[in-house]
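Please see the structure below; I have some questions.
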Amino acid sequence: MWAEYWTSFLMGESALAMEALILQLLENSGARRSRNKVQEHLDELRRFWRHEALTLAKARKGTGYEAWPVPQNQRDLVFLSYKAGVAAAR
């Protein structure tokens, strides 16, 4: 379950992993005690989701780039191709 959730999260397809994590953290007394630190980490995950995962997913979809994960040396090409309106950056 978790592997699928996090893969989908990293691919920008679903935030279900964060939802499941939050529900698990609510049940954890240590997480409740450290709620401020936990909230900071959750905020960072949310920022990653919005600014990294969703952005890359949009660029992959817009260019037709299907490989996953996107190798670091291909990320710039995918983003530049997306901004230029070029399909299938490979």
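Determine if segment 13-23 includes at least one residue that is more than 30 Å from Val86 (Cβ to Cβ) and over 15 Å from the mean Cα position of the chain (by Cα). It would help to see each step written out before you state the result.
From segment 13-23, those more than 30 Å from Val86 (Cβ to Cβ) are 16-23; that's our starting set.
Narrowing the set further to residues that are over 15 Å from the mean Cα position of the chain (by Cα) leaves 22-23.
Yes, segment 13-23 contains at least one residue that is more than 30 Å from Val86 (Cβ to Cβ) and over 15 Å from the mean Cα position of the chain (by Cα).
Same structure again: Give the residues of segment 31-70 that are of a type in the set (Gly, Ala, Ser) and free of Cβ contacts under 8 Å to residues at least 12 places away in the same chain, sorted by residue number.
Within segment 31-70, the subset of a type in the set (Gly, Ala, Ser) is 31, 34, 53, 57, 59, 62, 64, 67.
Passing the criteria: Ala31, Ser34.
Sort through Met18, Met1 and tell me the only one that's at pLDDT below 95 and either touching a His at 6+ places or on another chain (Cβ under 7 Å) or among the aliphatic types (A, V, I, L, M) (or both). Let's see the steps before the verdict.
On the way: Met18 fails: at pLDDT below 95.
Within the list Met18, Met1, the selection yields Met1.
How do the pairs read when you match residues in segment 1-29 that are in contact (Cβ under 8 Å) with a residue 24 or more places away in the chain and under 17 Å from Arg46 (Cα atoms) with residues anywhere that are among the hydroxyl-bearing types (Ser, Thr, Tyr) and surrounded by fewer than 17 Cβ atoms within 10 Å (Cβ to Cβ), using Cβ under 8 Å and keeping only pairs 6 or more apart or on different chains?
Partner pairs satisfying both residue conditions: Gly12/Thr55.
Next question, about the same structure. State the number of residues belonging to segment 15-32 that are surrounded by 16 or more Cβ atoms within 10 Å (Cβ to Cβ) and among the small types (Gly, Ala, Ser).
Initial filter on segment 15-32 (surrounded by 16 or more Cβ atoms within 10 Å (Cβ to Cβ)): 15, 17-18, 21, 25, 31.
Those left that are additionally among the small types (Gly, Ala, Ser): 15, 17, 31.
The qualifying residues number 3.
Of all residues being under 18 Å from Thr7 (Cβ atoms) and surrounded by 14 or more Cβ atoms within 10 Å (Cβ to Cβ) in segment 60-74, which is farthest from the chain's Cα centre (by Cα)? Just the residue, please.
Result: Tyr65.
Which of the residues that make up segment 1-14 are surrounded by 10 or more Cβ atoms within 10 Å (Cβ to Cβ) and of a type outside the set (Phe, Trp, Tyr)?
Of the residues in segment 1-14, the ones surrounded by 10 or more Cβ atoms within 10 Å (Cβ to Cβ) are 2, 4-14.
The answer is Glu4, Thr7, Ser8, Leu10, Met11, Gly12, Glu13, Ser14.
Residue by residue through segment 25-36, note down the ones that are closer than 21 Å to Trp6 by Cβ, part of a helix (DSSP H, G or I) and not small (Gly, Ala, Ser).
Across segment 25-36, the qualifying residues are Leu25, Leu26.
The values are calculated or read from the model by the stated rules, or taken from the named source; none is laboratory data. If you're wondering where the values come from, they're calculated on a predicted model, not measured in any experiment. Every residue, glycine among them, receives a Cβ derived from its backbone with ideal geometry; neighbour counts consider all protein chains shown.
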